[in-house]
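**Student:** Before anything else, here's the structure in question.
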């Protein structure tokens, strides 16, 4: 896939993400209303707004403390999305979180406002909640969904 040049409408991204609210958490799934994890939510929004997924997602570890030299999520996002500085992320942006110091980024969410985001969280499912300082300091990468 070639690098996208323009970003999708943030309102479409947010509306699509809000359509997943209440979906139960299910590891490595991506089915609205049935089950998803954080990456499954992002994949579902992609399918609704952008189109078919450009490549299959291999199985992945649930370990938020995973360390390594390769930022697998960020590298995958770079293949098909528009990277931007974290400070430039606004509503509609996909944000990647580093959940532990020294770990690779392993959690994703979608900003719905400067201070709110949607994500899939174990035991809670897909929720929209405040982007507190505890969440904000964990943001490691930010990307925009491309326009079709």
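**Student:** Which is in contact (Cβ under 8 Å) with a residue 12 or more places away in the chain, at positive phi and assigned to a loop (DSSP other than H, G, I, E, B), of 90, 22?
**Tutor:** None of the others qualify; the one that does is 22.
**Student:** A further question follows. Is it fair to say residue 28 is assigned to a loop (DSSP other than H, G, I, E, B), surrounded by fewer than 17 Cβ atoms within 10 Å (Cβ to Cβ), modelled with pLDDT under 95 and touching a strand residue (DSSP E or B) at 6+ places or on another chain (Cβ under 8 Å)?
**Tutor:** No.
**Student:** Just the residues that are out of contact with any helix residue (DSSP H, G or I) (no Cβ under 9 Å at 6 or more places or on another chain) and modelled with pLDDT of 80 or more, please, taken from region 53-69.
**Tutor:** 56
**Student:** Still on this structure: So residue 104 fits all but one of (1) touching a helix residue (DSSP H, G or I) at 6+ places or on another chain (Cβ under 9 Å); (2) at positive phi; what number is the exception?
**Tutor:** Evaluating residue 104 over (1) touching a helix residue (DSSP H, G or I) at 6+ places or on another chain (Cβ under 9 Å); (2) at positive phi leaves (2) as the failure.
**Student:** In contact with a helix residue (DSSP H, G or I) (Cβ under 7 Å, 6 or more places away or on another chain), surrounded by fewer than 20 Cβ atoms within 10 Å (Cβ to Cβ), farther than 17 Å from residue 117 by Cβ and modelled with pLDDT of 95 or more: is that true of residue 7 in this structure?
**Tutor:** no
**Student:** Continuing with the same structure: In contact with a strand residue (DSSP E or B) (Cβ under 7 Å, 6 or more places away or on another chain), at pLDDT 95 or above and not in a strand (DSSP E or B): does that describe residue 108?
**Tutor:** No, not satisfied.
**Student:** What single numbered condition from (1) under 17 Å from residue 112 (Cβ atoms); (2) free of Cβ contacts under 8 Å to residues at least 60 places away in the same chain; (3) in a loop (DSSP other than H, G, I, E, B) fails to hold for residue 16?
**Tutor:** Unmet condition: (3).
**Student:** From the list 113, 142, 120, 103, pick out the single residue that is without any contact (Cβ under 8 Å) to a residue 40 or more places away in the chain, surrounded by 12 or more Cβ atoms within 10 Å (Cβ to Cβ) and within 25 Å of residue 32 (Cβ to Cβ).
**Tutor:** Only one candidate qualifies: 113.
**Student:** Looking only at residues that are in contact (Cβ under 8 Å) with a residue 24 or more places away in the chain and not in a helix (DSSP H, G or I) in region 36-56, which one is nearest to the chain's Cα centre (by Cα)?
**Tutor:** So, considering only residues that are in contact (Cβ under 8 Å) with a residue 24 or more places away in the chain and not in a helix (DSSP H, G or I), the one nearest to the chain's Cα centre (by Cα) is 37.
The values are calculated or read from the model by the stated rules, or taken from the named source; none is laboratory data. Because the structure is predicted, anything quoted here is derived from the model rather than measured. Every residue, glycine among them, receives a Cβ derived from its backbone with ideal geometry; neighbour counts consider all protein chains shown.
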